[in-house]
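Q: Have a look at this one before I ask anything.
The values are calculated or read from the model by the stated rules, or taken from the named source; none is laboratory data. Remember, predicted model here, so these are calculated numbers, not experimental data. As a convention, Cβ positions derive from the backbone with ideal geometry for all residues, glycine included, and neighbour counts pool all protein chains shown. Protein only, heavy atoms only, side chains kept; ligands, DNA and RNA dropped before computing areas. Shrake-Rupley method; radii C 1.70, N 1.55, O 1.52, S 1.80 Å.
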Amino acid sequence: LEGAVHTILCIRGVYPRVIFRAARKFNAPVRMSIHKDLNTYIAEIVEGAYKSMKMGIVHKLELVIREAKKESIYTVEKYVFEVGAIAKLHLNPREKDKVYEELGNFLIRLMSVDLIRER
């Protein structure tokens, strides 16, 4: 989730592109922030959500991008990560590899959005 959050913040222009660097998560390309405070904030949110998912308290994580216009705030985009069920599973190594592969595939698709937007 952490790699996806960083990548979304980068490709959607929430933060300046210059604070992001190319990295790899689950053997897939992502964009990761180099800003210490932002990294700490994202890591704490994702870690807290993951712990809550393992306990069955949280079932999804939402990343909402908002924009202020005049005196109102509008939701521009919303990304929903429904991974609570996976976090609670006790997977064997082969099953974990499959989940990691799927996460990598998702990150590749996410990065393809960035490539399309650059044209």
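Q: How far, in degrees from 0 to 90, does helix 36-54 lean away from the longest principal axis of the Cα atoms of the chain, to the nearest 10?
A: Once rounded, the angle reads 40 degrees.
Q: Tally up the carbon and sulfur contribution to the accessible surface of the chain as a whole percent, 1.4 Å probe, everything protein left in place.
A: Of the solvent-accessible surface of the chain, carbon and sulfur hold 55 percent.
Q: Taking loop as defined by DSSP and a crowding limit of 16 other beta carbons within 10 Å, which GluC sites (Glu not before Pro) in segment 1-69 fit?
A: Within segment 1-69, no GluC sites (Glu not before Pro) qualify (loop, at most 16 other Cβ atoms within 10 Å).
Q: Please check: in the Gaussian network model of the chain (C-alpha springs, under 10 Å), which one of 107, 61, 91 has the largest mean-square fluctuation.
A: 91
Q: Next question. Using the charge dipole of segment 1-79 (Lys, Arg: +1 at Cβ; Asp, Glu: -1 at Cβ; taken about the Cα centre), state which of 61, 8, 76 has its Cα farthest towards the positive end.
A: 8
Q: Continuing with this model, one more query. Residue 77 to residue 51: extension gain in nm, 0.36 nm per residue of separation minus the Cα-Cα distance?
A: Using 0.36 nm per residue and subtracting the Cα-Cα distance, I get 6.8 nm.
Q: Hey, which lysines would be in cross-link range of residue 25, C-alpha to C-alpha under 26 Å, not counting anything within fewer than 8 residues on its own chain?
A: Straight-distance partners of residue 25: 36, 51, 54, 60, 78, 88, 96, 98.
Q: Okay, next question. Pairs of alpha-carbon atoms within less than 8 angstrom and 6+ residues apart define the contacts here; what relative contact order does the chain have, in percent?
A: Once divided by the residue count of the chain, the mean separation gives 27 percent.
Q: Considering only protein heavy atoms, what per residue accessible area in square angstrom results for the chain with a 1.4 angstrom probe?
A: Normalised by residue count, the accessible surface of the chain is 71 Å².
Q: Expressed as a fraction of 2.2 N^0.38 Å, the rule-of-thumb size for a compact globular protein of N residues, what is the C-alpha radius of gyration of the chain?
A: 1.14
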